[in-house]
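Enquirer: Quick one: the structure is below, questions incoming.
Here, each number is a calculation from the coordinates, and none is a lab measurement. Keep in mind the model is a prediction, meaning the values are calculated, not measured. Because the Cβ atoms are built from the backbone with ideal geometry, glycine has one as well, and the counts that use them run over all protein chains shown.
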Amino acid sequence: MKQLVLLGMIILITSCNKFLEEEPSGSLSLTHYYKTREQVSAAVNGTYDGLATPFVVNIGVAVSPVYSLEYITGYSRRPRPSGFEDDQFLRLDRLDNANSKLQAWWNATYYPVENCNSVIENVSVTLVVDELTKQRYLGEAHFLRAWYYFQAVRLFGDIPLKLTTTKDINDVKIRRSPKEAVYEQIVKDLTAAENAGLSWTDQSGHVSLGAVKSLLAKVYITMAGYPLQKGMPYYRMAYDKAMEVIDSHQFSLFEQYSDLRNPAVQNTREHIFMLQRHPTVAVSNIHWAYLPYPGQPVSIQPAYGGAMAPAPAFYNSYAADDGRKQEKAFFYTKYPRYGNPAETIFFSEPYIFKFWDEEAEKTGRSGANFPLIRYADVLLLCAEAKSMIDGGTTSDAAAIDAYYSVRHRAFPAAPKPATLTTDDILKERYWELCFEFQTWYDMLRTRKAFDVAHGSMINLVGYKAPNHLRSFEETDFQFPLPLAEVQKNPDLAL
């Protein structure tokens, strides 16, 4: 595997004030590392680098592999012309194991896992930081290793489980571990992080206890569903963990959808965990990628855009009075011409406004953070888990309150329901978390799809999504291992 030939740790530091609180640095081998407090801190910050890899790994606009997670759902379209690799996801063609998006996702796991392993091994024995700081650093590294493995096991299934650094060439060729063993390790890492003395919140963007418990809830509800199907005990653990987050009273929904993209409240309240970006040293491409295409002059660089927009059928699945469908909430159909705001440009179809960056509109560089875990996600997971515990319908007050918090923001006049079905909650997840790269994971764990044409939840197998050429089959639910990795390590094929 490409990442396992590393005989030293490569730590990529892209940082500044208020960006994980670390000064930019270069690359150092382990021989010279972990000698000072500053080096230990930089090593820990380096473990965060993999969070951005799916967003920025490829050159150019609208080619980042992260979009493949929304393309494959079938609920998005791509206004910009696409190549055969994107079409394999967009149209649900058969995935070619030489598709570079697969390699990018693989790299987004194993390069950062190597860094996490190095931090865990070396910080555990360091004497240059105090014990409380050491435990906090280890908690961050355990959380991030769990994050990367959780990402990979859902996409690829059985994968190599590597928990030590690569010290010589004999460490390179290892076999895949059963997915259940990978999940067990994910839970172990998150449990270690949970007991590491982290604060409930962290406005600097580092891992917090709230992020740890939220991810545990997501892991447990995934283990309850497909492919492990561990069932009720894990729905109960997911519910309990989500309730810990809720009962902490450390998080709350924003009153206005516009606050989801307000830089003044990043890393606070609803934003439990975010990808940290900066307009000069860690630029985000989300604003540009979602611009209307071709060349609509609504931002300073109108030539960019066209990575993704809602499929019309998905956009039309929102009720007309849903607050998320209102102009400039999650979507927009018009915007003032850049440089001449008195003139309005109307689009032929809706585009995504959810992550619009007002500063980037004017400066040409976006430093907007991107949500990785939102409180709305946790609330809906709480409601879903309890509905499954109760047999598909729940009247549990806490579950209804959690669901209604999200629903009420979209429909302020709607009354609180007396009961909820699992399907009600799942549909709300589609509408609320759209284009945050969560939906495909929900489809995988539930094996259900939102039939947007009829407004109902149906079996994923046999469902033909709006933008697809064919219906989903069982073989679509696991990405093939990247060809280059199997060629370099034939043991992966065993």
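Enquirer: At 7 Å along Cα-to-Cβ for each site, give me the label-to-label distance between Ile300 and Asn195 in nm.
Expert: Each label point is offset 7 Å from its Cα along the Cβ direction, giving 5.0 nm.
Enquirer: What's the longest piece of the chain with no exposed GluC sites (Glu not before Pro), counting a site as exposed if DSSP puts it in a loop and it has at most 16 other beta carbons within 10 Å?
Expert: Values: sites that count: Glu21, Glu255, Glu473.
The longest uninterrupted stretch comes out as 22-254.
Enquirer: Mind jotting down the three principal axis lengths of the stretch 268-419 based on Cα atoms? Whole angstrom, largest first.
Expert: Principal extents (largest minus smallest coordinate, Cα): 54, 36, 23 Å.
Enquirer: Right, something else. How big is the stretch 31-197 by the Kirkwood estimate over distinct Cα pairs, in Å?
Expert: By the Kirkwood definition, the hydrodynamic radius is 17.5 Å.
Enquirer: Give me the Debye-computed log₁₀ of I(q)/I(0) at q = 0.15, 0.16, 0.31 Å⁻¹ for the stretch 358-412, equal point scatterers on Cα only, no solvent, two decimals.
Expert: So the normalised log intensities work out to -0.56, -0.59, -1.11.
Enquirer: While we're on this one: Cα gyration tensor of the stretch 325-392, axes a ≥ b ≥ c as square roots of the eigenvalues: rounded (a/c below 1.5), prolate (a/b > b/c) or oblate?
Expert: Since a/c reaches 1.5 but b/c is at least a/b, the shape of the stretch 325-392 is classed as oblate.
Enquirer: Ok, one more. Please state, to two decimals, what the Cα-based radius of gyration of the chain comes to when divided by 2.2 N^0.38 Å (N = residues).
Expert: Relative to the rule-of-thumb radius for its length, the chain sits at 0.94.
Enquirer: With the calculation restricted to Cα positions, what are the radius of gyration and Dmax of the stretch 417-494 in angstrom?
Expert: Using the Cα atoms of the stretch 417-494, the pair Rg, Dmax is 16.4, 57 Å.
Enquirer: Sticking with this structure for a sec: Based on DSSP H runs of at least 4 residues, each adding -39500 (n - 2.57), what is the mean residue ellipticity at 222 nm of the chain after dividing by all its residues, to the nearest 500 deg cm²/dmol?
Expert: That comes out to -12000 deg cm²/dmol.
Enquirer: Given points 7 Å out from each Cα along the Cα-Cβ axis, report the Ala484 to Lys334 separation in nanometres with one decimal.
Expert: So the label points at Ala484 and Lys334 sit 4.7 nm apart.
Enquirer: Let me spell out the model: positive unit charges on the Cβ of Lys and Arg, negative unit charges on the Cβ of Asp and Glu, origin at the Cα centre of the chain. What dipole size does that give, in debye rounded to 20?
Expert: It works out to roughly 540 debye.
Enquirer: Right, next: Given 0.36 nm per residue, what is the gain on full extension from Leu127 to Asp259 after removing their alpha carbon distance, in nm?
Expert: Roughly 43.3 nm would be gained on extension.
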